[in-house]
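Worksheet for the structure shown next.
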Amino acid sequence: MQFIIKTVSLRTTRPLEIIDITPEADAAVAASGIVNGQLNVMSRHTTAFIAINEKEESLLEDMETFLKRFVPKDGNYRHNLTSVDGRDNAHSHLLGLFMNASETIPVAHGKLLLGEWQSLFFIELDGPREKRTVLFQISGV
């Protein structure tokens, strides 16, 4: 059994941004040499998350609209009064209560076993940010 860790850096350019990281995940699995096992993908942030969903432009726009409406940025949040980094980002933390920091995907025959319509996304809720990191841990044989 092997365990391989790879870190991927991302730069985000918008306050809310959905980035397809499937190509990076595919490349990490291919480079690992692991044939059968799993890939665990983790966001190393409290205002950015990981999701599996369909990559279709209208749907991605709908997702962004939904997230903005679900927890509006301009709400009256106490965290914004005492933010440690000066960012009014309480809405980002609150949205995170309904999202995943990580996802695990099976690997078989050296390939991710994502469904036909599934892609892997990094979801930025507090951008833009110069550097965000995603951790890939590939384990198996």
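The values are calculated or read from the model by the stated rules, or taken from the named source; none is laboratory data. Here the structure is a predicted model, which means the values were calculated and not measured. Because the Cβ atoms are built from the backbone with ideal geometry, glycine has one as well, and the counts that use them run over all protein chains shown.
Please go through the range 87-133 and give me each residue that is of a type in the set (A, V, I, L, M, F, W, C), assigned to a strand (DSSP E or B) and touching a Ser or Thr at 6+ places or on another chain (Cβ under 6 Å), ordered by number.
The one that is of a type in the set (A, V, I, L, M, F, W, C), assigned to a strand (DSSP E or B) and touching a Ser or Thr at 6+ places or on another chain (Cβ under 6 Å): L120.
Taking the residues in the range 16-35 that are over 20 Å from the mean Cα position of the chain (by Cα), of a type in the set (A, V, I, L, M) and part of a loop (DSSP other than H, G, I, E, B) as candidates, determine which candidate is surrounded by the most Cβ atoms within 10 Å (Cβ to Cβ). Among those that are over 20 Å from the mean Cα position of the chain (by Cα), of a type in the set (A, V, I, L, M) and part of a loop (DSSP other than H, G, I, E, B), it is I34. Considering each residue of the range 50-69 in turn, at least one proves to be assigned to a strand (DSSP E or B), among the β-branched types (V, I, T) and touching a Phe, Trp or Tyr at 6+ places or on another chain (Cβ under 9 Å).
Within the range 114-121, can one find any residue that is charged (D, E, K, R), crowded, with 19+ Cβ neighbours inside 10 Å and modelled with pLDDT of 95 or more?
No, the range 114-121 contains no residue that is charged (D, E, K, R), crowded, with 19+ Cβ neighbours inside 10 Å and modelled with pLDDT of 95 or more.
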